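Input: a single structure, listed below in structure tokens.
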Amino acid sequence: MKKEKDYIGDIAEIRSMMERSSKFLSLSGWAGVMAGIYALVAAYLSYAVFNFNPDEITSPIGAPASGSMLPPQLVSLAIGTLLLAIGTAVFLSQRKSSKRGEKLWNATSRRMIVAMATPLVTGGLLILILLSNGLVGLAAPFSLIFYGLALFGAGSFTYGAVKFLGVMEVLLGVIGTCFVSYGLLCWAIGFGVLHIVYGIYIHYRYER
Amino acid sequence: MKLAIDGLYKAFESRVRLGIMSVLTVNDTLDFNALKEFLDLTDGNLASHIKALEKEQFIGVTKSFVGRKPNTQYFITDIGKTAFNQHLKALEQLIELQK
């Protein structure tokens, strides 16, 4: 007959397999902090350097009839920030998962990405359409709303805190839509401050 | 026949099989490669454990094709769920007794 230790070992194995196969726990807290810092820098640059702070839904940045009204530098800044944040998250999560002896790209992370992709792609396309119609003021709050929805969906496959973060982002997005002149501020709080707070929380709660 | 004296299922004696049952409890269906990754096993090792659990009808298999590639999905059966729950209960009781 087996010893007591073996039974407890059996149960521990069951627990860890259930968790490992249903939750993606290699998400790095530092990635959140870094993404928050990038976002704050980007928000500051777009405000201070490019003078981007639309206070109306159809904010005239260029000539209204000229189609796309965003200066290309601003678009590059946005895309650059996004790529940098995603790159950092993938890199740090890869490191964390190999430390845990897991693969980053497994059935759980796949499911999480698929859950996030639907609202993100929808939101991304919608924002492009809004921008091309000159509704520049809605871009920042709408990105918050759709990112929040994506996080809320992803929350089922990873730390529960992600769900809460998603709700907060959606709330900020709704506020930003109501008060467009605070859109950029809400964006900076949502993508900057909240990410940093979330990252520190994850780090102290799960990574020490 | 399937039960040992203490209420534990013989089929779940190996850790690997407990792992397979745990993973399939929380996932509706999984393919062979996903199971292999989670459990960190070789093909042959996993296949033999799966076969044993299949024989007891604790897990089921659906085979289909994705394009031309065969795609095998594994899932837990009702019999398997009941057996796994009973096995867990028995484990709990044994630990309680030994305290």
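The values are calculated or read from the model by the stated rules, or taken from the named source; none is laboratory data. This is a predicted model, so every value here is computed, not measured. Glycine gets a Cβ as well: all are built from the backbone with ideal geometry, and neighbour counts include every protein chain shown. These accessible areas exclude ligands, DNA and RNA; they are computed on the full protein's heavy atoms, side chains included. Shrake-Rupley method; radii C 1.70, N 1.55, O 1.52, S 1.80 Å.
Only protein heavy atoms count here; under a 1.4 Å probe, residue B:48 has an accessible surface of about 60 Å².
Quick test of the membrane-span-like rule: which DSSP H helices of chain B reach at least 20 Å along their long axis (C-alpha atoms) with mean Kyte hydropathy at least -1.0? Could you put the intermediate results ahead of the total?
Details: long enough: B:78-98 (30 Å, -0.29).
Once both thresholds are applied, what remains is B:78-98.
Extending 7 Å from Cα along the Cβ direction at residue A:132 and again at residue A:179 yields two label points whose distance is 3.3 nm. Here's how it looks for residue B:31: its modeled amide H is under 5 Å from those of B:74, which are all 5 or more places away or on a different chain. Other residues within the sphere of radius under 14 Å centred on the Cβ of residue B:36, judged by their own Cβ, net out at -3 (K and R +1, D and E -1). Helices meeting the span-like rule in chain A (full DSSP H runs, Cα extent of at least 27 Å along the helix axis, mean Kyte-Doolittle score of 0.0 or higher): A:29-48, A:72-99, A:107-132.
At a Cα cut-off below 19 Å, give the aspartates and glutamates reachable from residue B:10, other chains included and same-chain residues fewer than 8 away excluded. Residue B:10 reaches A:4, A:6, A:10, A:13, B:54, B:56, B:78, B:92. Here r is the Cβ-Cβ distance between residue A:91 and residue B:36 and R0 is 25 Å; the resulting FRET efficiency, rounded to 0.05, is 0.45.
For chain A, report the translational diffusion coefficient in µm²/s to the nearest whole number, using Stokes-Einstein at 20 °C, 1.002 mPa s, and a Kirkwood Rh over Cα pairs.
Numbers: Rh = 18.4 Å.
Here the translational diffusion coefficient equals 116 µm²/s.
For chain A, modelled as a GNM whose springs connect Cα atoms under 10 angstrom apart, the maximal fluctuation among A:182, A:147, A:47 occurs at A:47.
What is the distance in Å between the Cα centroid of the stretch B:29-99 and that of the stretch A:131-160? So the separation of the two Cα centres works out to 38 Å.
Let me check something: with ligands and nucleic acids excluded, how do A:50, A:191, A:179 order by accessible area (1.4 Å probe), largest to smallest? Show your work: numbers first, answer last.
Numbers: A:50 70, A:191 30, A:179 115 Å².
The ranking, largest first, comes out as A:179, A:50, A:191.
Projecting the Cα atoms of A:107, A:135, A:145 onto the dipole axis of the stretch A:86-146, where Lys and Arg carry +1 and Asp and Glu carry -1 at the beta carbon, places A:107 farthest toward the positive end.
Based on the alpha-carbon gyration tensor of the stretch A:109-191 and its eigenvalue square roots a ≥ b ≥ c, which shape applies: rounded if a/c is under 1.5, prolate if not and a/b is larger than b/c, or oblate? Can you show the working numbers first?
Values: a/c = 3.44, a/b = 1.49, b/c = 2.31.
Note, shape of the stretch A:109-191 comes out oblate.
Amide H to amide H distances under 5 Å link residue B:77 with B:59, B:60, where only residues 5 or more positions off or on other chains count and H is placed in the peptide plane.
Under the definition of partner shielding as Cβ atoms of other protein chains within 10 Å of a residue Cβ, what is the mean value for peptide B:91-98? Walk me through the numbers before you get to the answer.
Numbers: counts 7, 2, 1, 7, 6, 0, 2, 5.
Partner-chain Cβ atoms within 10 Å, mean over residues of B:91-98: 4.
Highest mobility in the GNM of chain A, judged by mean-square fluctuation with C-alpha springs under 10 Å and restricted to A:143, A:97, A:28, is found for A:97.
Please identify, among B:67, B:19, B:44, the residue showing maximal mean-square fluctuation in a Gaussian network model of chain B using a 10 angstrom Cα cutoff. Taking springs between Cα atoms under 10 Å, the residue moving most is B:67.
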